[in-house]
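The values are calculated or read from the model by the stated rules, or taken from the named source; none is laboratory data. Because the structure is predicted, anything quoted here is derived from the model rather than measured. Cβ coordinates were reconstructed from backbone atoms using ideal geometry, including for glycine residues, and neighbour counts include every protein chain displayed.
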Amino acid sequence: MRLIVNWGIPILCALYLSLFIGQYFSATAFRYLFPGFLFLFIFRFYIKTFSEKHAGEPVKKKGLIAGIVLSAIIVWAGATYLVPEVIRINRVAQITLTALGKKNEKSHGFEIWLRGVDNNGSIDLSTVPLDRGWKRKDNNLYAAESFPATLHIRLDHLSRKPSLLFLKHDWSGIVQVSNGNQQDVVDLYAATKEDYKYPLDVKQAVALNDSTANHLMGYILAFLFYSVIFYFLLVEIGGKQRVGA
């Protein structure tokens, strides 16, 4: 029992938090291991202090039951945000840009300039294969002739907020952005030069290695983590109330 309290709980808490935080960044070992060891040290120290403070006291059954109930409610209500991916799911999006060769009446041309793609950081546009009508210039991709001109961009390990960066100016035309079943037509004309950030809908992504077991493990980790946290909080609050009385 002592081994579970002194090491099992800290490892559980550290594992959950490292997975929870790591899923918001690119999947590198460092982004998981560093916070994992950091949280392990923090929880190990806290539980050691907690155990010494409450040495000889029985388990607070009411606090344990309340912690379990609160954990179940919190995890169920906030599953989208609180349940981590134990096995990193590779969500892939296939983005298609089509320079339509159309413009509004104010524009002087049909140009489409793609200045950047953000997905867990900026993507090197030199790695994007060019299709007919698209060219490279000054680390940008652009279409100015041979319309309609289509460009395909594959995004692996899709981040939560991927985006495209276009250049707007008075020679800009209209581009169609296709993301799965979603299509959007964007007029990039602007009287003066300016960057335009276009957010991509991650709901259109395809999960390549998703599984029920992965989700189940995530729910179990989240449930156990919040049960432990709520139990500690309720015991500490109950102790302070008794001292105050």
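Taking the listed residues Arg115, Arg136, the one that is in contact with a helix residue (DSSP H, G or I) (Cβ under 9 Å, 6 or more places away or on another chain), exposed (fewer than 15 other Cβ atoms within 10 Å of the Cβ) and either assigned to a strand (DSSP E or B) or assigned by TED's automatic domain parsing to the domain that holds Asp187 (or both) is Arg136, with no other qualifying. Just to be sure, is Leu151 on the phi < 0 side of the Ramachandran plot, touching a Leu at 6+ places or on another chain (Cβ under 9 Å) and assigned to a strand (DSSP E or B)? Taking the combined requirement at face value, the residue satisfies it. Scanning the range 47-61 for residues that are in a helix (DSSP H, G or I) and free of Cβ contacts under 8 Å to residues at least 60 places away in the same chain yields Ile47, Lys48, Thr49, Ser51, Glu52, Lys53, Lys61. Restricting the range 145-197 to residues that are basic (Lys, Arg) and more than 13 Å from Val117 (Cβ to Cβ) leaves a set whose member that is modelled with the lowest pLDDT is Arg160. Quick one: is Gly173 farther than 30 Å from Leu221 by Cα, in contact (Cβ under 8 Å) with a residue 12 or more places away in the chain and outside the structural domain of Ile220 (by TED's automatic domain parsing)? Yes. Of all residues assigned to the range 26-40, at least one qualifies as being closer than 30 Å to Gly121 by Cα, modelled with pLDDT of 80 or more, of a type in the set (A, V, I, L, M) and under 29 Å from the mean Cα position of the chain (by Cα).
Here's the yes/no breakdown for (1) in the same structural domain as Thr150 (by TED's automatic domain parsing); (2) modelled with pLDDT of 85 or more; (3) out of contact with any strand residue (DSSP E or B) (no Cβ under 8 Å at 6 or more places or on another chain); (4) within 27 Å of Ile21 (Cβ to Cβ):
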| site | (1), (2), (3), (4) |
| --- | --- |
| His54 | no, no, yes, no |
| Pro58 | no, no, yes, no |
| Lys61 | no, yes, yes, no |
| Ile65 | no, yes, yes, no |
| Val69 | no, yes, yes, yes |
| Ile74 | no, yes, yes, yes |
| Ala77 | no, yes, yes, yes |
| Leu82 | no, yes, yes, yes |
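No other residue among Ser178, Ser126 is under 18 Å from Leu100 (Cβ atoms) and assigned by TED's automatic domain parsing to the domain that holds Lys102 apart from Ser178. Taken over the range 118-133, residues that are in a loop (DSSP other than H, G, I, E, B) and out of contact with any Asp or Glu (no Cβ under 7 Å at 6 or more places or on another chain) amount to 10.
Whether any residue in the range 145-156 is acidic (Asp, Glu), touching a residue at least 40 places away in the same chain (Cβ under 8 Å) and within 24 Å of Val202 (Cβ to Cβ) is what I want to check. Scanning the range 145-156 turns up at least one residue that is acidic (Asp, Glu), touching a residue at least 40 places away in the same chain (Cβ under 8 Å) and within 24 Å of Val202 (Cβ to Cβ).
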